[in-house]
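Remarks on the structure that follows.
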Amino acid sequence: MIEGITWALVAGLMLGLYALPGKFTKDFKEENTWGLFFMLTMFVVPLVATLLIMKGAGEIYAAPEVKAVLPKMVATSVLWGIGVMMWGKAIHHIGMSLGFSIFIGTVILVGSLLPFFVDGLPPQGAFAAILVGLLFVLVGIVANGKAGMARENDSPKGADDGKGSMSAGIMIAVSGGLLATGFSFANAVGRPPLHAASQAQGNPEWVTALAVMLPIFLSGGVIMAGYFAWQLTSKKAWPSFGTPSFLRNLSLIFIMAFFHYAASAVFAFAAFKLGSVGNTVGYAIFNTACVVTAIVSGIVVGEWAKASGRARRFLYAGLGCMVIGILIISYGNKMAAGAPEGGEPVVVAEEAP
C-alpha cells in the first residue's frame, strides 16, 4: 500500500511539474517550445518506451480483437490530442496554476459523468457521493476562473506581457478539457483487448498502460504535428530552432516530454500496486498531487506575484474545493466498486491526459 501511494504521489508531481521547464527556454517562440514538446511526447518517448519495455509489441497490435477496436481509439484520441494541444495554449495564456486546475477540473467533471451514459447509474449512495464531489469540483473551477479574472484586473492597464486575455485562456482550458475526455473513451474501449494481448506475451499487468497509450499518443500526435507545422510556418518561427540555445532548450523540452508521458505510466504502476483501490485511492492521490503541484509551482515562479489578496483567496478556495471534490468522487467510486449490485463501478479517467 505504501509503495503504491508513493508512486501515485510521484506520478502527480510529474504531471504537475511537466510544463515548468518550458518557462526557461531561450530564444524560442511559443510555437517552437510546444511544437518540439509535442513531437517528443507524442512520438519519440512513447515509441522508445514501448520498444524497450513491452515484449511482443508486434503480436499485441496484430491481435484480431485489438485491430477491431483501433479505429474507435484513433477517432477519440484525435479529439484528446486537440484537447491537450489547447491545454498547452491555455498554459501560455493564463499560466500553470490556472491552466492545470481548470483543464484537469473539467476533465474530472466530464469524465466522471460519461460512464453514466454507458453503464447506467451506480447505487444510490455512491451516486449521491459522486454528485457532491462533482459539485465541489465545479465550484473549484468557477473560483479559479474568478481568480484569473481578478488577477487580470490587478494588472496595470495597457501592460502587455505577450499573453492573450484571461477570458480567452479560460475558455481554451475548458474547451480543451472537454475534448481531452476522448482519452477516457479510448482507454475504456482499448484496455480490455490490449490487456489480454499484452498478458499473452508475458508482460506484467502494469505494462498494459504502455500498450494503451501508444495508439492514443500517436493518433493525437498526428493532429498536433500538422497544427504546429502550420503555426511555425505562419509565424515564421522555423529559424528560431537555429538559436545557439537549441541544445539547452531541447534538454528542457525533453524533460517536459518525459514527465508528461511517464506520469501516466507511473500512475498505472501505482494503481497496480494499490490493487482493488488503485483507481479510487490512487486516482485521488494522483490528481490531488498534480493540481497542488501545478498551483504551488506557478506561485513559486511568480505567476501571482502582482495579484491582489482577493485573487489569491479565489485561487486557494478553488484549489481547496477541487481537492475535496476529487476525494469525494474517489470515495463514491470506491462505494460503487464495493457494491454487490448496481453494475460496473463508475471509474473516472484512469490516467491524466
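The values are calculated or read from the model by the stated rules, or taken from the named source; none is laboratory data. The model shown is predicted, which means the values in this text are computed figures rather than measured ones. Cβ sites come from the backbone with ideal geometry, for glycine too, and all protein chains shown count toward neighbours. Heavy atoms of the whole protein, side chains included, go into the accessibility calculation; ligands, DNA and RNA do not. Shrake-Rupley method; radii C 1.70, N 1.55, O 1.52, S 1.80 Å.
Values computed for the structure shown
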| item | result |
| --- | --- |
| Residue match in the stretch 293-310 (condition: open to solvent by less than 40 Å² (accessible area, probe 1.4 Å), aromatic (Phe, Trp, Tyr) and modelled with pLDDT under 90) | yes |
| Which numbered condition Met42 fails, given (1) of a type outside the set (Ser, Thr, Tyr); (2) closer than 20 Å to Gly221 by Cα; (3) open to solvent by 10 Å² or more (accessible area, probe 1.4 Å) | (3) |
| Output for the stretch 50-62, where each listed residue is open to solvent by 20 Å² or more (accessible area, probe 1.4 Å) and either touching a residue at least 60 places away in the same chain (Cβ under 8 Å) or closer than 12 Å to Ala197 by Cβ (or both) | Ile53, Lys55, Gly56, Ala57, Gly58, Glu59, Tyr61, Ala62 |
| Looking only at the stretch 222-231, and only at residues there that are out of contact with any helix residue (DSSP H, G or I) (no Cβ under 7 Å at 6 or more places or on another chain) and either without any contact (Cβ under 8 Å) to a residue 60 or more places away in the chain or crowded, with 20+ Cβ neighbours inside 10 Å (or both), the one that is nearest to Met73 (Cα to Cα) | Gly226 |
| Unmet requirement for Trp7, which otherwise passes all of (1) at pLDDT 90 or above; (2) open to solvent by 70 Å² or more (accessible area, probe 1.4 Å); (3) within 24 Å of Leu214 (Cβ to Cβ) | (1) |
| Answer from Ser165, Ser198, Ser234, Ser219 - the residue that is in contact (Cβ under 8 Å) with a residue 40 or more places away in the chain and surrounded by fewer than 16 Cβ atoms within 10 Å (Cβ to Cβ) | Ser165 |
| Wholly within the stretch 1-93, helices (runs of 4 or more DSSP H) carrying at least 2 residues that are within 24 Å of Phe246 (Cα to Cα), more than 21 Å from the chain's Cα centre (by Cα) and not charged (D, E, K, R) | none |
| Check on Lys29, open to solvent by 30 Å² or more (accessible area, probe 1.4 Å) and within 23 Å of Gly99 (Cβ to Cβ) | yes |
| Subset of the stretch 311-330 [of a type outside the set (Ser, Thr, Tyr), open to solvent by 40 Å² or more (accessible area, probe 1.4 Å) and over 23 Å from Thr6 (Cα atoms)] | Arg312, Arg313, Phe314, Ala317 |
| From the options Val207, Val132, Val189, Val137, residue that is in contact with a Ser or Thr (Cβ under 9 Å, 6 or more places away or on another chain), at pLDDT 85 or above, open to solvent by 30 Å² or more (accessible area, probe 1.4 Å) and closer than 30 Å to Val266 by Cβ | Val189 |
| Some residue of the stretch 99-107 being within 25 Å of Asn249 (Cα to Cα) and modelled with pLDDT under 85 | yes |
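Here's the yes/no breakdown for (1) closer than 16 Å to Val212 by Cβ; (2) in contact with a Lys or Arg (Cβ under 6 Å, 6 or more places away or on another chain); (3) touching a residue at least 12 places away in the same chain (Cβ under 8 Å); (4) of a type outside the set (Gly, Ala, Ser):
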{"position": "Phe38", "(1), (2), (3), (4)": "no, no, yes, yes"}
{"position": "Val44", "(1), (2), (3), (4)": "no, no, yes, yes"}
{"position": "Lys67", "(1), (2), (3), (4)": "yes, no, no, yes"}
{"position": "His93", "(1), (2), (3), (4)": "no, yes, yes, yes"}
